[in-house]
Amino acid sequence: MKLLDITASEKPSLWIFGYGSLVWKPDFKYKRNYVGYIKGYSRRFWHGDNFHRGDKDLPGRVVTLVEDHDACTWGVAYEVSDSQMEESLQYLNVREAVLGGYVTKMVEFTPREKCQGSLLALVYIATSDNPIYLGPATPTEIAAQIAICRGNTGHNIEYLLRLAEFMRLYCPEVEDDHLFSIEAAALALLI
């Protein structure tokens, strides 16, 4: 009987991996978080956003993950406890799936902290079959689009600059050439 009580009191949790705006603005309740990475994906500004960082006439550009076996993408994993799970997933499904056009997948996340082992995390990924998927472009073309777009959450350039700031603050040893080349091109347009 005592063993059943202990087992019954252990509540499952869910880890959610963020690699875009979730790294600085999760906007859902969570128990704890770790900075770390997932392997097999590259972060790319290839997804259109016609709600948060753009509109129907001028979609902004936000990041998604593209399969790349040699790459890893740094971000933040958030642990959502059982009591927070339903509310957090409802919020994220509207923010990422309904408004953003993302699908979900489970990935292996490796925290930077060595005392914590790898864990499975839920991630939202926009695929190329999504109607607002914009696909590849040069850093200059992406920056030019980001520089003029604004949505319900704010200007698209804020999204770009906050993501670059996160990488510099929390992952200073990581070179994200795609992100930093777009940031440089966007800042050159503003000068």
*Please state which one of P136, P131 is assigned to a loop (DSSP other than H, G, I, E, B), over 15 Å from the mean Cα position of the chain (by Cα) and closer than 17 Å to H52 by Cβ.*
P131
*Out of curiosity, is D55 of a type outside the set (A, V, I, L, M, F, W, C), open to solvent by 40 Å² or more (accessible area, probe 1.4 Å), in contact (Cβ under 8 Å) with a residue 12 or more places away in the chain and in a strand (DSSP E or B)?*
no
*asked:* Every residue in the range 1-20 that is out of contact with any Gly (no Cβ under 7 Å at 6 or more places or on another chain), modelled with pLDDT of 95 or more and not hydrophobic (A, V, I, L, M, F, W, C), please.
replied: G20
*Restricting attention to the range 104-116, does a residue exist that is open to solvent by less than 70 Å² (accessible area, probe 1.4 Å), modelled with pLDDT under 90 and among the polar types (S, T, N, Q)?*
yes
*Do we have T104 as within 16 Å of the chain's Cα centre (by Cα) and of a type outside the set (G, A, S) here?*
yes
*Do the conditions hold for Y170, that is, is it modelled with pLDDT of 95 or more and open to solvent by 90 Å² or more (accessible area, probe 1.4 Å)?*
yes
*Checklist (1) assigned to a loop (DSSP other than H, G, I, E, B); (2) open to solvent by 60 Å² or more (accessible area, probe 1.4 Å) applied to H69, failing item*: (1)
*Could you check, for the range 83-95, whether at least one of its residues is assigned to a helix (DSSP H, G or I), out of contact with any Asp or Glu (no Cβ under 8 Å at 6 or more places or on another chain), of a type in the set (V, I, T) and at pLDDT below 90?*
yes
*Only one of these conditions is not met by I38: (1) out of contact with any Asp or Glu (no Cβ under 7 Å at 6 or more places or on another chain); (2) open to solvent by less than 60 Å² (accessible area, probe 1.4 Å). Which number is it?*
(1)
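The values are calculated or read from the model by the stated rules, or taken from the named source; none is laboratory data. Values in this document were obtained by computation on a predicted structure and should not be read as measured data. Methodologically, a virtual Cβ is constructed for each residue, glycine included, from the backbone with ideal geometry; neighbour enumeration extends over all protein chains shown. Only protein heavy atoms, including side chains, enter the accessible area calculation; ligands, DNA and RNA are left aside. Shrake-Rupley method; radii C 1.70, N 1.55, O 1.52, S 1.80 Å.
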